[in-house]
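The values are calculated or read from the model by the stated rules, or taken from the named source; none is laboratory data. Given the structure is predicted, the values throughout are model-derived calculations rather than measurements. Cβ atoms come from the backbone with ideal geometry, glycine included; neighbour counts cover every protein chain shown. Keep in mind that these areas ignore ligands, DNA and RNA; they rest on the heavy atoms of the full protein, side chains included. Shrake-Rupley method; radii C 1.70, N 1.55, O 1.52, S 1.80 Å.
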Amino acid sequence: LIEPSGERRLWMRALESISALPLAGSSGGYLPFWSPDESQIGFFAGGQMKIFRLSDGSVRVLCDTPIGRG
């Protein structure tokens, strides 16, 4: 989602909810994908592939990726 300020950020919404919350650390994020065990959300941002851990809300850089691709 691109916010009114022009910043791109990933948001998540539970299926039973009408409210969405931004994922911390996902500024500039695009092309999100779920991990096979559904415990993490991977995405690309700032020339890196990152993961967001649902259990504790932490973000970790996995590797440098100048161009994110699926």
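E38: open to solvent by less than 60 Å² (accessible area, probe 1.4 Å) and acidic (D, E), yes or no?
Details: open to solvent by less than 60 Å² (accessible area, probe 1.4 Å): no; acidic (D, E): yes.
Spelling it out, it is not the case that E38 is open to solvent by less than 60 Å² (accessible area, probe 1.4 Å) and acidic (D, E).
Could you please let me know if A14 is small (G, A, S) and exposed (fewer than 13 other Cβ atoms within 10 Å of the Cβ)? If you could, list the steps in order and put the result at the bottom.
Details: small (G, A, S): yes; exposed (fewer than 13 other Cβ atoms within 10 Å of the Cβ): yes.
Spelling it out, A14 is indeed small (G, A, S) and exposed (fewer than 13 other Cβ atoms within 10 Å of the Cβ).
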- Across segment 38-66, what is the total count of residues that are out of contact with any Pro (no Cβ under 7 Å at 6 or more places or on another chain) and assigned to a loop (DSSP other than H, G, I, E, B)? 10
- Item | Among the residues listed as G29, G6, G42, G47, the single one being out of contact with any His (no Cβ under 8 Å at 6 or more places or on another chain), at positive phi, at pLDDT 90 or above and not charged (D, E, K, R) | G47
- What are the residues in segment 19-35 that are open to solvent by less than 80 Å² (accessible area, probe 1.4 Å), part of a strand (DSSP E or B) and closer than 17 Å to D64 by Cβ, if any? Y30
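Just checking, how many residues over segment 1-18 are assigned to a loop (DSSP other than H, G, I, E, B) and β-branched (V, I, T)? Walk me through how you get there before you give the answer.
Within segment 1-18, the subset assigned to a loop (DSSP other than H, G, I, E, B) is 1, 3-7, 9-10, 13-18.
Those left that are additionally β-branched (V, I, T): 18.
Number satisfying all stated conditions: 1.
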- Query: Out of curiosity, is R69 charged (D, E, K, R) and assigned to a strand (DSSP E or B)?
  - Reply: no
- Message: Six or more apart or on different chains, Cβ atoms under 8 Å: show the pairs whose first residue is in segment 39-57 and without any contact (Cβ under 8 Å) to a residue 40 or more places away in the chain and of a type in the set (D, E, K, R) and whose second is assigned to a strand (DSSP E or B) and open to solvent by 50 Å² or more (accessible area, probe 1.4 Å).
- Response: K50/V59; K50/R60; K50/V61; K50/L62; R53/V59; R53/R60
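Scan segment 50-70 for residues that are polar (S, T, N, Q) and surrounded by 10 or more Cβ atoms within 10 Å (Cβ to Cβ) and jot them down.
Taking segment 50-70 and keeping what is polar (S, T, N, Q), we get 55, 58, 65.
Correct list: S58, T65.
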